[in-house]
Amino acid sequence: MKKIIFFSFVCLFTLILVSCHNELRIAEQQQNFDNQYLGYSKYQLTSAIVNTAIPYGKGVTLEELGQSDWYFVSCYAADNMPTFYLSRTQYWSANDGSNPYTGVFRTCIAMETLAKNEGNNSYIALSYILKCVNLAYLTEKYGDVPFSKAILGRAGDVFPTYDSQKSIYTQMFAMLDNAVKILNDPSSTAIDATQDVLYKGVKAQWIKFANSLKFRLIMHSYKAFKAAGTDYADTLQAIVAGGNFMQTNADNASLPFVGTYSGDTWYLSTVSYNNSNNFTSYKPTNAIVGKSRALNDPRLYVWCAPAAYPLTAAATASTKTVMINGFNNTVNYSPVGSSPLTTTGADENGNLYTFTYPLDTMWVGPVNVQEINSQFGYKTTVYDNGRLCALSQLFQKPKDSRLSAVMMESSEMQFLLAEARSKNLITGSTASSYYNAGIELSFTRWGITNSGSGTLTTNFVGTSSISTDFGAYEKQANVALANDGSANDLKLIAFQKWLSNFLTNYSEEFTEIRRSGNPAFAFSIAPAFTTGESYPYRYLYPQDELSNNSTNYNSSLTDLGGNDAGGAKMWIFQ
């Protein structure tokens with residue numbers, strides 16, 4: 001009898017808790033809406049842009065994305081692959097932890113509603129574009145997610161059904177088409193340049209962003225739609241023929257930082273974190289360091305600083321100051337002595353091997369994810385390892401013209417065009433012309449100039465700025481395309497896109513690796529140190545959905561094969 005009473009009490013208590021939580025969820029929604037539906041649509045625009053770009057761009061700091069893209073590993077955080085298999089956030093989460101459903105989506109809907117009342121149709125178009133950035137992020141992170149019943153403003157359901165991923169993509173295509181149609185209309189209203197912190201009121205650039213975003217999303221989902229009976233090749237060709245897509249760095253959908261307080265400064269600056277632990281902890285992988293060095297890639301010397309305490313075969317220690325790209329770096333060569341020189345690495349197929357530390361070099365990156373801070377005899381702090389390369393001092397600055405919150409860049413668009421041309425999904429220019437344009441856009445967005453010397457720069461020590469011959473770089477055997485649509489050309493395109501997304505767009509790169517399996521070394525190495533797990537394909541749904549929207553949550557699992565797991569493939573990857 002006591003057990004029955006106790007069980008009844010627990011059930012009643014749980015019901016009360018859930019009921020209270022549900023009431024709070026509804027009350028919070030109403031209060032948020034009441035606040036946002038005051039004022040004018042143009043004042044919502046700044047918030048919508050900032051609250052889209054800043055959270056999305058913050059992916060460059062996430063350890064699990066850094067590892068899954070095989071860009072960097074953390075001295076402090078170690079193996080982050082279990083995040084995809086074991087961890088749930090409490091709520092729907094953007095890269096900065098904010099909830100798009102209770103944040104930026106509501107701002108967009110408020111902007112649309114106010115704009116309709118004001119007759120400012122251009123703001124409706126901008127809302128459509130920004131909603132698509134956020135919605136694409138969520139569906140490519142989780143799979144099926146709530147949308148059509150979730151962001152209807154005051155009438156929205158706080159316990160919404162999930163839209164299928166196929167339906168979500170179809171809705172995004174329609175929103176982007178509507179946005180372009182509105183903005184192309186000569187009678188559409190002007191955009192306030194002071195409130196448009198992205199494109200300063202220039203409609204033509206918003207149109208390029210919308211078309212480029214649609215091209216990206218079609219490429220992400222092309223295979224899945226083709227298998228379902230819809231071929232979007234003609235749509236891709238129409239975008240190319242129209243010519244209104246990102247083609248210069250001025251078209252980049254990236255938000256510069258103001259640099260005054262933590263919320264508007266570059267993510268790894270000391271203003272953001274009040275210390276340098278995150279900055280020193282992030283170590284660019286030996287793939288970034290080694291592969292860039294092999295190509296004399298000038299971007300490496302913008303991104304990275306030499307190791308501060310490399311090992312030397314010399315009997316005595318020595319110190320020198322090395323200037324690279326205008327930053328002075330102190331390099332302290334330490335005699336190898338009894339320092340351990342080996343650790344376990346993973347080759348490009350994910351097979352483990354013994355890695356030996358190369359002596360008398362400033363350029364070494366980590367080859368695994370285990371106890372990075374103490375490898376090769378360096379045990380000074382849990383947040384650093386001076387035997388390994390670091391990020392350049394550039395990335396400690398609160399702001400710089402090269403540091404921005406990136407949603408999409410022109411270099412990415414050019415690589416997408418190169419891929420589409422290689423697959424004969426579009427006609428026009430050659431794949432290599434798009435591809436080389438992508439490389440050059442990536443170079444110049446980092447401030448790298450074309451020397452025009454006809455030869456590659458091979459020594460960047462002592463430089464106040466970075467320059468090389470772009471054509472000489474592009475003609476290298478491991479860079480140049482054959483323009484034959486081969487698997488090798490597609491691998492080269494994927495590799496250069498991987499390089500261009502470093503420190504700009506880790507979320508997009510995570511989608512690209514899952515979509516194509518390229519670069520193959522990232523797909524193989526990233527999970528090689530996690531026992532029993534393969535490359536992850538998604539994040540787990542948030543706990544709040546299991547607890548408070550369980551009926552719709554359970555229905556959504558059908559498209560994942562019935563399993564809410566990190567290895568479950570969402571529709572676009574099946």
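For region 270-295, the set of residues classified as over 23 Å from Ser339 (Cα atoms), modelled with pLDDT of 95 or more and in a loop (DSSP other than H, G, I, E, B) consists of Leu295 only. Residue count for region 122-167, restricted to those that are touching a strand residue (DSSP E or B) at 6+ places or on another chain (Cβ under 7 Å) and either part of a helix (DSSP H, G or I) or open to solvent by 30 Å² or more (accessible area, probe 1.4 Å) (or both): 5. Every condition in (1) within 29 Å of Asp79 (Cα to Cα); (2) open to solvent by less than 20 Å² (accessible area, probe 1.4 Å) is met by Asp360 except one, and the failing one is (2). For region 542-567, give me each residue that is within 28 Å of Gly350 (Cβ to Cβ) and open to solvent by less than 10 Å² (accessible area, probe 1.4 Å). Gly566 - this is the single residue of region 542-567 that is within 28 Å of Gly350 (Cβ to Cβ) and open to solvent by less than 10 Å² (accessible area, probe 1.4 Å). Restricting the first member to region 296-321 and to residues that are closer than 15 Å to Ser467 by Cα and modelled with pLDDT under 95, and the second to residues that are open to solvent by less than 60 Å² (accessible area, probe 1.4 Å) and of a type in the set (Phe, Trp, Tyr), no beta-carbon pair is closer than 7 Å while six or more apart or on different chains.
Name the residues in region 525-535 that are in contact (Cβ under 8 Å) with a residue 24 or more places away in the chain and either open to solvent by less than 30 Å² (accessible area, probe 1.4 Å) or within 15 Å of Thr344 (Cβ to Cβ) (or both), would you? Matches in region 525-535: Ile525, Ala526, Pro527, Ala528, Phe529, Thr530, Tyr535.
Only residues that are open to solvent by 10 Å² or more (accessible area, probe 1.4 Å) and either charged (D, E, K, R) or on the phi > 0 side of the Ramachandran plot (or both) were counted across region 195-235, and they come to 11. When Asp234 is tested against (1) in contact (Cβ under 8 Å) with a residue 40 or more places away in the chain; (2) not in a loop (DSSP other than H, G, I, E, B), exactly one condition is not met: (1). Could you go through region 176-188 and let me know if any residue there is open to solvent by 50 Å² or more (accessible area, probe 1.4 Å) and touching a Phe, Trp or Tyr at 6+ places or on another chain (Cβ under 8 Å). Within region 176-188, one or more residues are open to solvent by 50 Å² or more (accessible area, probe 1.4 Å) and touching a Phe, Trp or Tyr at 6+ places or on another chain (Cβ under 8 Å). Could you check region 480-517 and list, in sequence order, the residues that are over 27 Å from Phe395 (Cα atoms) and either assigned to a loop (DSSP other than H, G, I, E, B) or open to solvent by less than 30 Å² (accessible area, probe 1.4 Å) (or both)? Correct list: Ala480, Leu481, Ala482, Asn483, Asp484, Gly485, Ser486, Asp489, Leu492, Arg514, Gly517.
The values are calculated or read from the model by the stated rules, or taken from the named source; none is laboratory data. The structure presented is a predicted model; accordingly, all values stated were derived computationally and were not measured. When we count neighbours, we look across all protein chains shown, and the Cβ atoms used for this are built from the backbone with ideal geometry, even at glycine. Protein only, heavy atoms only, side chains kept; ligands, DNA and RNA dropped before computing areas. Shrake-Rupley method; radii C 1.70, N 1.55, O 1.52, S 1.80 Å.
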